[in-house]
1. So what J values fall out for segment 223-230 if you push phi through Karplus, 6.51 cos²θ - 1.76 cosθ + 1.60 with θ = phi - 60°, rounded to Hz, Gly and Pro as x?
2. In what sequence do Met311, Met9 fall when counting other Cβ within 10 Å, fewest first?
3. Just rank Tyr352, Tyr292, fewest to most, by other beta-carbon atoms within 10 angstrom.
4. How much length, in nm to one decimal, is gained on full extension between Asp12 and Leu224, taken as 0.36 nm per residue of separation minus their Cα-Cα distance?
5. What is the list of residues in segment 16-38 whose amide nitrogen lies under 18 Å from a point 7 angstrom out from the Cα of Glu319, following Cα to Cβ?
6. Please order Ile128, Ile148 by the number of other Cβ within 10 Å, starting at the fewest.
7. Please give the length that would be gained between His243 and Arg177 if that part of the chain were fully extended, namely 0.36 nm times their separation in residues minus their C-alpha to C-alpha distance (nm, one decimal).
8. Could you list the square roots of 5 times each eigenvalue of the Cα gyration tensor of the chain, that is, the equivalent ellipsoid semi-axes, sorted largest first and rounded to whole Å?
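A short reminder: the numbers here are calculations on the coordinates, not readings from a lab. Worth saying up front: this structure is predicted, and the values here are computed from it rather than measured. FYI the Cβ positions are ideal-geometry reconstructions off the backbone, even for glycines, and counts take in every protein chain you see.
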Amino acid sequence: MDLQYKPAMPADKTKGIALIGAGEIVEACHLPAYRLAGFKVVGIYDQDSTRSERLAEQFEIGKTYRSLDELLSDPSVQVVDLAVPAKAQPALVKQASAAGKHLLCQKPLAETYEEALEIEAVCREAGIKAAVNQQMRWSPAIQASHTIIQRGWLGELLQATIAVNVRQDFANWSWLRETPTLEFMYHSIHYIDSIRYLFGDPECIFADGARFPGQSCAGETRTLLHMKLPGEARGLIQDNHNHIAGSDDWYATYRFEGTEGIVKGTNGSLYNYPIGREDTLSFFSKRIRSDYWFTPSLEGKWFPHAFMGTMGELMRAIEEDREPINSVKDNLKTLQIVFGAYRSISEDRPVYLAEFEGM
């Protein structure tokens with residue numbers, strides 16, 4: 001039952017990629033994924049040159065740029081991978097798009113919805129291809145689930161549930177500990193985007209966010225999000241980063257249900273981040289065999305394998321002259337839910353995505 005869950009690759013892998021940013025996520029995910037995919041990374045730049053030089057040596061990258069201008073003026077660079085915090089992204093997008101470079105933007109795309117709209121307009125007017133690194137869409141579990149749904153094996157979609165209960169104090173990201181908008185903006189944004197990818201855009205949402213007594217982070221670390229999806233479908237995301245017991249009781253699960261079938265499993269990357277383990281998946285469908293659960297083995301993990309998917313989709317969009325499915329324009333809907341969640345918390349009410357139209 002070929003579930004076609006591995007990322008599709010471009011026919012041409014020779015387009016030059018340069019990275020802006022040399023932080024932990026670049027070392028643990030971006031560069032290992034690009035090496036696995038056989039992509040051509042021509043250079044890297046970071047304000048901390050010691051980091052970029054170390055990663056260049058570790059991953060055999062030919063150039064470490066001394067400045068952003070040097071990177072953007074390099075004709076061997078066709079694609080720029082922005083691996084920076086959201087607050088730095090709008091200015092970098094303007095500079096890179098003006099230089100004619102295609103862009104893989106980091107998530108979240110921006111710290112405000114207005115800035116995100118501006119980024120979309122800048123990229124559109126520059127005529128470049130611009131995608132957002134919402135890579136969970138390409139994790140083995142989500143891609144396999146997408147195949148199952150597209151084949152109609154679940155029937156009419158009814159319920160999407162993602163539940164996470166782990167221990168993560170965000171110690172590796174000091175700047176993240178200081179932000180007042182933490183969990184929805186920087187973590188559950190992945191689950192929001194994945195449910196959108198599988199089930200479509202919700203009409204409205206209701207969110208709640210809370211802290212854990214004595215936590216070191218400024219923002220919310222315990223969240224619930226209810227999504228009213230098209231028709232009778234509903235979505236629920238429950239996330240807690242403050243598990244008080246051992247990792248044997250941690251869980252990171254997903255469950256997608258329809259009138260004809262169910263798919264369920266685990267998101268392996270969260271069980272012992274950043275090492276992780278492979279995703280698991282089980283499904284049954286009355287349209288195939290109503291008394292049997294299929295349990296195919298999935299190869300790969302969210303980190304780093306899914307990062308091949310975001311860059312691969314951007315490169316395929318470039319060579320096919322179309323919008324990437326993870327385009328900046330598409331990502332505006334994900335951000336409407338994220339910013340809608342914070343509006344829901346502050347105003348204690350359901351928020352309709354239509355409230356963001358016409359902004």
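1. Computed from phi, the couplings for segment 223-230 are 9, 9, 9, 9, 10, 8, 8, x Hz.
2. Sorted ascending by nearby Cβ count, the order is Met9, Met311.
3. Ranked by crowding around the Cβ, least crowded first: Tyr292, Tyr352.
4. 72.1 nm is the gain from fully extending Asp12 to Leu224.
5. The answer is 16-18, 34-38, whose backbone nitrogens lie closer than 18 Å to the label point.
6. Ile128, Ile148
7. Full extension of this stretch gives 22.0 nm more.
8. 31, 24, 21
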